[in-house]
Amino acid sequence: VSTPTHQQISTSTDQQITDLARHVAEGLSRSPKTLSSMYFYDDEGSRLFQQIMALPEYYPTRTEYQLLSTHCEAITAALRPTDGAPFYLIELGAGDGLKTKILLRHLLAAGTDFRYVPVDISSAALDGLAASLREELPSLQVEPVVADYVAALQLMATKPGRKAVLFLGSNIGNFLPAERLVFLQNLAQPLTPDDRLLIGFDLQKDPRLIRAAYDDAQGVTAAFNFNLLTRLNRELGAEFDLANWQHYTDYDPLAGVVRSFLVSTRAQMVPIAALKAGFQFAAWEIIHTENSYKFTAPQIQNLATDAGFRVAEFFTDAQDYFADVILTP
Ligand code: AVI
């Protein structure tokens, strides 16, 4: 008999499909056509993202891993309440927890009194994480929660006492600037000056290196982008023929953003049964599917201030590729 290993606080599957349908109807009626990268992460998309994180071109994950390993003493010291009070370590978008385990091991070894609350939109990813933690860190107290970011923010408000929030992997880079500010302002709401936020930012660097990370030689990132169409085919009865689409990505160093697209390689009409509608694509018309913003240190400083935080500590790797920043309200 399998026991449920996580709490589910996201909306029902029916509601999720209705939300997706509404998003697609709106996004494909715009010019340029747009779909949110938020919908990449079904179970297959989450699995593909784990694969991306291990790619030679995708430097952010191994860089942040290295950064956390190097500075884990100082980072865990900054996250832990100084008076030794128990606290919740809440991670938004926990995924496979590979990087977080560095911090978890260190906290446990130091006899820290805390509960780990990994939050992720993929129940498969979260169940995998919970199973690996039971095996590798059996003494860790874990409360996994399946939720999107909105539900996760509501959940945080219900957790009493001290909190340290982790938002690693430069997930913040997938928000548009205005959304990013609102998200951080909302994140600041349930936190007190005793709480901490550790947030990862991918830094601006050699544009070629950045672009290559989103256009890998094995085509895993392309498959990740295409999976959005597969998801629409399955969940909304859409009829996207993947043979008629290309993955295209580019880094704009002026705006500091990688933009990813699905490109229609021919004129075509794509029916979507759930919307009782068809969508016309011209040859070479694009669907804009993702933004991945890259940051400078002053931008991070300004963002923190605008959102109501103070930068307590700023950690980077030896090459200044990535930053993990401790913020306090
Ligand atoms: C999840 N997020 C931080 C990744 C990124 O780098 O923007 C998603 C990703 N998209 C393509 N490759 C990775």
| query | Rounded to the nearest whole Å², what accessible area per residue is found for segment 218-292 with the 1.4 Å probe? | reply | 43 Å²
| Hydrodynamic radius by Kirkwood, which averages 1/r over all alpha carbon pairs of segment 206-294, in angstrom | 13.9 Å
| said: Once R0 is set to 35 Å, what does the formula 1/(1 + (r/R0)^6) return for the Cβ-Cβ distance between Arg234 and Lys159, expressed as a FRET efficiency to the nearest 0.05? | reply: 0.50
| query | If amide H atoms are built 1.01 Å from N in the plane of the peptide, which residues on other chains or at least 5 residues away come under 5 Å of the amide H of Glu143? | reply | Tyr116, Val117
| request: Treating the angle as unsigned and between 0 and 90°, give the value, to the nearest 10°, between the Cα long axis of helix 297-306 and the longest Cα principal axis of the chain. | output: 80 degrees
| Sorted from largest down, what three extents in whole angstroms do the Cα atoms of the chain have along their principal axes? | 64, 51, 35
| query | So what is the relative contact order for segment 265-307, in percent, with contacts set as C-alpha pairs under 8 Å and at least six apart? | reply | 29 percent
| task | Any chance you could check the Cα centroid distance between segment 83-111 and segment 251-320 for me, in angstrom? | result | 29 Å
| task | Note down the relative contact order for the chain as a percent, whole number, built from C-alpha pairs under 8 angstrom at least six residues apart. | result | 22 percent
| request: Step through the residues of segment 263-275 one at a time and calculate ³J(HN,Hα) from phi using the Karplus curve (6.51 cos²θ - 1.76 cosθ + 1.60, θ = phi - 60°), rounding each to whole Hz and writing x for Gly and Pro. | output: 10, 7, 7, 7, 5, 7, 10, 10, x, 10, 4, 4, 9
| said: Helix 149-158 against the longest principal axis of the chain: what's the angle in degrees, Cα atoms only, rounded to the nearest 10? | reply: 30 degrees
| the chain: calculated mean residue ellipticity at 222 nm from DSSP helix runs of at least 4, using -39500 (n - 2.57) | -11500 deg cm²/dmol
| query | Taking every eigenvalue of the Cα gyration tensor of segment 162-213, multiplying by 5 and rooting it, what semi-axes result, largest first, whole Å? | reply | 27, 13, 7
| Which order do Lys205, Lys294 take when ranked by solvent-accessible area (1.4 Å probe, heavy atoms of all protein chains), largest first? | Lys205, Lys294
| note | Taking r as the C-beta separation of Ala282 and Ala312 and R0 as 51 Å, the FRET efficiency to the nearest 0.05 is 0.50
| request: Enumerate the amide H contacts of Val257 below 5 Å, restricted to partners 5 or more residues apart or on another chain; note that Pro and chain-start residues carry no placed amide H. | output: Asp252, Lys294
| said: For a Förster distance of 22 Å, can you work out the FRET efficiency between the beta-carbons of Gln319 and Thr296, rounded to the nearest 0.05? | reply: 0.90
| note | Dividing the mean separation of Cα pairs under 8 Å (6+ apart) by the residue count of segment 184-263 yields a relative contact order in percent of 26 percent
| Angle, helix 59-70 long axis vs. longest principal axis of the chain, Cα atoms, 0 to 90°, nearest 10? | 0 degrees
| Got a sec to turn the phi values of segment 183-200 into Karplus ³J(HN,Hα) couplings, 6.51 cos²θ - 1.76 cosθ + 1.60 with θ = phi - 60°, whole Hz, x for Gly and Pro? | 4, 5, 5, 5, 5, 5, 3, x, 9, 10, x, 7, 8, 9, 10, 10, 10, x
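The values are calculated or read from the model by the stated rules, or taken from the named source; none is laboratory data. Because the structure is a prediction, the values reported are computed rather than measured. Every residue, glycine among them, receives a Cβ derived from its backbone with ideal geometry; neighbour counts consider all protein chains shown. Protein only, heavy atoms only, side chains kept; ligands, DNA and RNA dropped before computing areas. Shrake-Rupley method; radii C 1.70, N 1.55, O 1.52, S 1.80 Å.
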